[in-house]
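To start, the structure itself, in structure tokens.
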2 protein chains.
Amino acid sequence: MPAQRKAAPRPPVASADTPARDALRKAILDGVYLPGERLVEASLCEQLGASRFIIRAALADLAAEGLVEVQRNKGAHVRKISFEEAVEITEVRMVLEGLVAARAATLVTDEQASELDEIALLMRRAVAAEEFRRYSDLNQRLHRLIQTIARHRTADRLIETMRAQLVRHQYTLSLLPGRPAASLPQHERIVEAIRARSPKAAEEAMRAHIASVIEALRSLEAVGLS
Amino acid sequence: MPAQRKAAPRPPVASADTPARDALRKAILDGVYLPGERLVEASLCEQLGASRFIIRAALADLAAEGLVEVQRNKGAHVRKISFEEAVEITEVRMVLEGLVAARAATLVTDEQASELDEIALLMRRAVAAEEFRRYSDLNQRLHRLIQTIARHRTADRLIETMRAQLVRHQYTLSLLPGRPAASLPQHERIVEAIRARSPKAAEEAMRAHIASVIEALRSLEAVGLS
DNA sequence: CACCGCACAAGTGTTGACAATCTTGGCTTC
DNA sequence: GAAGCCAAGATTGTCAACACTTGTGCGGTG
């Protein structure tokens, strides 16, 4: 190999290359650090193998995403999300995903339409087989596909931010008995409306679906499991 | 005054105290730095009288707000918002403010209701007198009051972020001939629906209003003035 | 004359150290 | 014995200097 210039040619990464931030985000989402837990910069340095400067930048980024909270001179904590906040966040997700669903209904191609249908079919099967973990995955895949179809980058970014703040709540939710069976027809209605290229119906269906998620959240809270 | 302990008792500020970030944000919103303009850290240090460390943190924060864009090793620019993006941002604002309006309709007190009515009255007068600048102020005040009534902090934050990204567009918009006259009845409908404590009507009215803003944006673009 | 390579300059990325601030544990005082 | 105070340790805030990347203009070459 003749005299390679300096570094590897670096893949055409656009603006990524922030391993520390991603690692820290993943750790928080995976529950390595629990809500309310203090995040000491020096400790994070060791655990993530990065310098304090990098850690600090990562914390600032995650604070902007709403995952951590930094108080001046007091450090950073994993943000603790109250029940009311969880509802608010889901309400925002409801209207945003409604917007996205409506737009997907106007932009969907025939090919994408059948892909939607296929996911719906798989969902039906998963519920029938009581494979709830699988259903949860399909759920994510469906919402993501709809976002892909709609290509609404502004809404996408916000939805992702909202979703990230609730991973823990969402997770407990999908294990609620009877929940998959309840949401299946809602998902089917969404797919149907988009395939029918009816923005209004798609938005309506998506909002009804997420409204029922909020109901589920409320019932969870009532039992004291939030 | 006998032997004050150390520092002033510090007013109950929660997490503010970032003068550099605020100054930079204001400068961008005021048009001191134009969209696309390069923001060189060293220059900002002089102009804002802060060290590079502080400037850098401020840039990162504003990047999270979508006001600036930072590219690795290439520095920061004031973010340039394309027409399509402006529409997307306004669409997001539409559904979020719709959500807020609906909630305001369920939470509004009698006192707040009359305050809403008063703003509507002042708006009518401003349009009659062709005081467009005043109308624009009242417009902001109305939207802010509705947010105050709804107390939806999650939505508020996002709406503010969206709004900040469009200050320049918004400004040119309010000068469109005939625009205030067109939006006045829309605003009146919003106020009416909230006073009637009808969430559905309030959301509908707010969305119709902002949809018409999007229409106005589109017509501006068609003329090539975006 | 156009093109390629190189070196320099501008600007950003990162580091380590130092200063300011907060917290904790122990001591004094009532 | 309890409350308040003080000092030491721990942790964050800030800085100035250094390393690296990128863009650009100059000179050489076909």
Would you mind finding the one in A:GLU85, A:GLU91 that is within 17 Å of the chain's Cα centre (by Cα), more than 16 Å from DNA strand C (Cβ to nearest atom), within 7 Å of chain B (Cβ to nearest Cβ) and within 15 Å of A:GLY36 (Cβ to Cβ)?
A:GLU85
Scan the range A:33-52 and tell me whether some residue there is within 14 Å of chain B (Cβ to nearest Cβ), over 30 Å from B:VAL95 (Cβ atoms) and in contact with a strand residue (DSSP E or B) (Cβ under 6 Å, 6 or more places away or on another chain).
no
Residues in the range B:32-71 that are assigned to a strand (DSSP E or B), in contact (Cβ under 8 Å) with a residue 24 or more places away in the chain and more than 13 Å from DNA strand D (Cβ to nearest atom) total 2
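Yes/no matrix, rows are residues, columns are (1) more than 25 Å from B:GLU91 (Cβ to Cβ); (2) not hydroxyl-bearing (Ser, Thr, Tyr):
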{"site": "A:MET162", "(1), (2)": "no, yes"}
{"site": "A:LEU175", "(1), (2)": "yes, yes"}
{"site": "A:SER183", "(1), (2)": "yes, no"}
{"site": "A:GLN186", "(1), (2)": "no, yes"}
{"site": "A:VAL191", "(1), (2)": "no, yes"}
Number of the exception - B:HIS77 against (1) on the phi > 0 side of the Ramachandran plot; (2) within 16 Å of DNA strand D (Cβ to nearest atom); (3) in contact (Cβ under 8 Å) with a residue 24 or more places away in the chain:
(1)
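Residue by residue, here is whether (1) modelled with pLDDT under 95; (2) within 12 Å of chain A (Cβ to nearest Cβ); (3) under 30 Å from A:ASP17 (Cβ atoms); (4) over 20 Å from the mean Cα position of the chain (by Cα) holds:
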| position | (1), (2), (3), (4) |
| --- | --- |
| B:GLY98 | no, yes, no, no |
| B:THR106 | no, no, no, yes |
| B:ASP117 | no, no, no, yes |
| B:ALA120 | no, no, no, no |
Condition set away from DNA strand C (no atom under 14 Å from the Cβ) and in contact with a strand residue (DSSP E or B) (Cβ under 9 Å, 6 or more places away or on another chain), scope the range B:62-82, selection nearest to B:LYS26 (Cα to Cα): answer is B:LEU67
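For (1) crowded, with 22+ Cβ neighbours inside 10 Å; (2) farther than 30 Å from A:ALA208 by Cβ, each residue gets a yes or a no:
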| position | (1), (2) |
| --- | --- |
| A:GLY31 | no, yes |
| A:PRO35 | no, no |
| A:ALA64 | no, yes |
| A:VAL87 | no, no |
| A:THR90 | yes, no |
| A:VAL100 | yes, no |
Could you go through the range B:141-149 and let me know if any residue there is within 14 Å of another protein chain (Cβ to nearest Cβ) and buried (at least 18 other Cβ atoms within 10 Å of the Cβ).
yes
Within the range B:72-188, considering only helices (runs of 4 or more DSSP H) that don't extend past its boundaries, which have at least 3 residues that are among the acidic types (Asp, Glu) and over 28 Å from B:ASP61 (Cα atoms)?
B:110-128
Look at the range A:24-61 and say how many of its residues are at positive phi and near DNA strand C (Cβ under 10 Å from one of its atoms).
1
Taking the condition in a helix (DSSP H, G or I), of a type outside the set (Gly, Ala, Ser), away from chain B (no Cβ under 14 Å) and closer than 26 Å to A:LEU67 by Cα, does A:ARG218 pass?
yes
Just to be sure, is B:SER212 surrounded by 14 or more Cβ atoms within 10 Å (Cβ to Cβ) and more than 19 Å from B:ALA128 (Cα to Cα)?
yes
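The values are calculated or read from the model by the stated rules, or taken from the named source; none is laboratory data. Remember, predicted model here, so these are calculated numbers, not experimental data. Every residue, glycine as well, gets a Cβ built from its backbone with ideal geometry; the counts of neighbours run over all protein chains shown.
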